[in-house]
Amino acid sequence: MWGGRFAEGPSAIMREINASIPFDKALWREDIAGSRAHVAMLAAQDIVSAADAETIDAGLAAIAEEYARDGVPEDWSLEDIHMTVEARLTELIGPVAGRLHTARSRNDQVATDFRLWVRHACEESDAALARLQAALVTRAGEHSASIMPGFTHLQIAQPVTLGHHLLAYYEMFERDRSRFADARARMDQCPLGSAALAGTGFVLDRDATAAALGFAQPTRNSLDAVSDRDFALDYLMAASQCALHLSRLAEEMILWASQPFGFIKLPDSLSTGSSIMPQKRNPDAAELVRGHAGRIVGCVTALMVTMKGLPLAYSKDMQDDKPPVFEAAGLLELSLAAMTGMVADSAFNTARMRQLAEQGHATATDLADWLVRAADIPFREAHHITGAAVKRADERGVALDQLALADLQAIDARIDERVFGALSVEASVAARTSYGGTAPERVCEQVKAARERLGLE
């Protein structure tokens with residue numbers, strides 16, 4: 001390809017370090033689509049003849065069929081997917097294949113191919129997140145009134161509903177979807193036609209190629225177009241944040257599936273056994289989702305460090321942009337699928353959840369709130385009174401709602417028998433009716449709204 005400049009070919013070491021075909025062959029669909037759009041534009045601009053363009057397009061279509069059927073061959077002497085396609089095109093149609101590369105460079109070619117791939121990855125991630133959200137919303141609807149302990153500092157804090165807890169993850173993944181949508185919007189410009197770095201002297205119709213490839217417009221600066229990898233970083237940043245949310249959900253399921261919690265039984269299809277302990281049910285899929293988050297964060301770090309010191313325009317370092325993106329996309333796809341299956345098919349032990357929700361004096365805040373509402377006591381004083389009641393309950397070895405009225409009135413005479421209507425876990429969750437609260441009626445409203453947003457109604 002570049003032998004005209006050099007007396008000798010590349011050494012074996014150079015061939016190996018220079019070749020990207022082992023990984024960039026993943027771009028073959030995008031590369032062929034970009035080439036077909038490019039040659040159609042060249043013909044429309046009378047830069048190549050209509051007959052040559054038709055021959056080239058037919059050859060590219062034939063290569064696409066070959067690759068879809070047989071895979072992409074790896075010839076390291078051809079370096080990358082671009083030269084692999086061009087070499088095969090030359091074999092099929094002869095010297096006319098050489099006209100395809102008119103008015104373009106591998107620099108704008110790979111920038112276009114990679115944007116197309118990452119744009120599709122954003123769409124795939126969004127669709128997978130929607131499926132996970134649908135599973136969460138379905139289970140939240142089933143458990144809008146199922147009571148469980150809510151935690152802060154991993155200590156029992158207040159009763160909540162399982163539906164409310166699951167919808168918290170729905171909201172996290174909604175933000176993830178917005179990040180992928182934002183990333184996709186920012187990358188919606190086509191670099192094709194920027195050539196190596198300075199544009200080209202041929203009279204191109206860059207709007208036509210942009211439209212043919214589904215971009216909103218062409219890029220405005222050729223230097224930036226060939227050297228920009230912000231679109232890949234945007235995807236990786238969104239993927240990293242999504243992976244963190246998946247890891248948090250996985251961690252909770254790991255805890256919930258342990259015997260001390262006993263909240264959940266994970267599906268057999270996403271659990272494993274032990275080679276030595278026959279009683280074990282290991283949450284390996286959840287643990288691997290948790291582990292994948294670290295690898296995905298590593299991917300964004302790798303690309304950021306690669307890009308941090310590169311002067312304009314293209315440098316060969318940028319060949320290393322694709323492996324971390326491909327790796328992160330594969331890991332994220334697996335993680336989303338695994339968590340969707342776990343949410344959809346796990347069995348919740350709601351009796352155990354309710355039992356634990358009654359521990360730790362989880363309705364203490366309800367006693368303080370009752371004192372404010374019913375006895376017109378300032379909250380700070382009510383907080384102090386409630387603390388004394390908790391201490392008395394600990395001394396008696398009972399829950400707050402099992403304290404005798406005499407014990408409560410010994411702490412503060414303004415307490416009367418009406419207080420017991422506020423101290424059960426059911427009364428506690430039912431009272432949390434503020435917008436976004438855990439009350440079953442509010443959970444049902446949010447489930448309905450989420451189903452409408454997802455198009456499930």
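Does at least one position in segment 171-182 carry a residue that is in contact (Cβ under 8 Å) with a residue 24 or more places away in the chain and polar (S, T, N, Q)? No, because not a single residue in segment 171-182 is in contact (Cβ under 8 Å) with a residue 24 or more places away in the chain and polar (S, T, N, Q).
To keep it simple, each residue is scored yes or no on (1) open to solvent by 70 Å² or more (accessible area, probe 1.4 Å); (2) closer than 29 Å to GLY163 by Cβ; (3) assigned to a loop (DSSP other than H, G, I, E, B).
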{"residue": "ILE377", "(1), (2), (3)": "no, no, yes"}
{"residue": "ILE385", "(1), (2), (3)": "no, no, no"}
{"residue": "ARG392", "(1), (2), (3)": "no, no, no"}
{"residue": "ARG418", "(1), (2), (3)": "yes, yes, no"}
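Contact map, segment 387-416: residues that are without any contact (Cβ under 8 Å) to a residue 60 or more places away in the chain and under 18 Å from ARG373 (Cβ atoms) paired with residues that are polar (S, T, N, Q) and open to solvent by 60 Å² or more (accessible area, probe 1.4 Å), Cβ distance under 9 Å, separation 6+ or inter-chain. Pairs shown: ILE415/GLN409; ASP416/GLN409.
So which residues in segment 61-101 are closer than 18 Å to TRP28 by Cα, assigned to a helix (DSSP H, G or I) and touching a residue at least 40 places away in the same chain (Cβ under 8 Å)? First the steps, then the outcome.
Going through segment 61-101, the residues closer than 18 Å to TRP28 by Cα turn out to be 61-92, 97, 100-101.
Still in the list and also assigned to a helix (DSSP H, G or I): 61-70, 76-78, 81-92, 97, 100-101.
If the condition is that a residue be closer than 18 Å to TRP28 by Cα, assigned to a helix (DSSP H, G or I) and touching a residue at least 40 places away in the same chain (Cβ under 8 Å), then TRP76, SER77, LEU78, ILE81, HIS82, MET83, THR84, VAL85, ALA97, LEU100 are the ones that fit.
Restricting attention to segment 195-229, the residues being of a type in the set (Phe, Trp, Tyr) and crowded, with 17+ Cβ neighbours inside 10 Å number 1.
Scan segment 291-319 for residues that are closer than 16 Å to LEU332 by Cβ and crowded, with 20+ Cβ neighbours inside 10 Å and the total you get is 6. Annotation note: Cβ proximity below 9 Å between a residue of segment 125-144 that is open to solvent by 40 Å² or more (accessible area, probe 1.4 Å) and a residue that is polar (S, T, N, Q) (sequence gap 6+ or interchain) occurs for ARG131/THR340. Among the residues of segment 179-186, are any open to solvent by less than 10 Å² (accessible area, probe 1.4 Å) and at pLDDT 95 or above? Yes; the residues of segment 179-186 include at least one that is open to solvent by less than 10 Å² (accessible area, probe 1.4 Å) and at pLDDT 95 or above.
Identify, please: which residue in segment 420-457 is farther than 26 Å from GLN359 by Cβ and part of a loop (DSSP other than H, G, I, E, B) and is, among those, least open to solvent (accessible area, probe 1.4 Å)? Checked segment 420-457; the qualifying residue least open to solvent (accessible area, probe 1.4 Å) is LEU454.
Quick check: is even one residue across segment 59-73 in contact with an Asp or Glu (Cβ under 6 Å, 6 or more places away or on another chain) and either of a type in the set (A, V, I, L, M) or open to solvent by less than 10 Å² (accessible area, probe 1.4 Å) (or both)? No, because not a single residue in segment 59-73 is in contact with an Asp or Glu (Cβ under 6 Å, 6 or more places away or on another chain) and either of a type in the set (A, V, I, L, M) or open to solvent by less than 10 Å² (accessible area, probe 1.4 Å) (or both).
Scanning segment 275-287 turns up no residue that is of a type in the set (Lys, Arg), at pLDDT 95 or above and in the same structural domain as TRP256 (by the TED database).
The values are calculated or read from the model by the stated rules, or taken from the named source; none is laboratory data. Not measured: the values here are computed from a predicted model. Please note: Cβ atoms are built from the backbone with ideal geometry, for glycine as well, and neighbour counts cover all protein chains shown. Quick note on the areas: whole protein, heavy atoms, side chains included, nothing else; ligands and nucleic acids left out. Shrake-Rupley method; radii C 1.70, N 1.55, O 1.52, S 1.80 Å.
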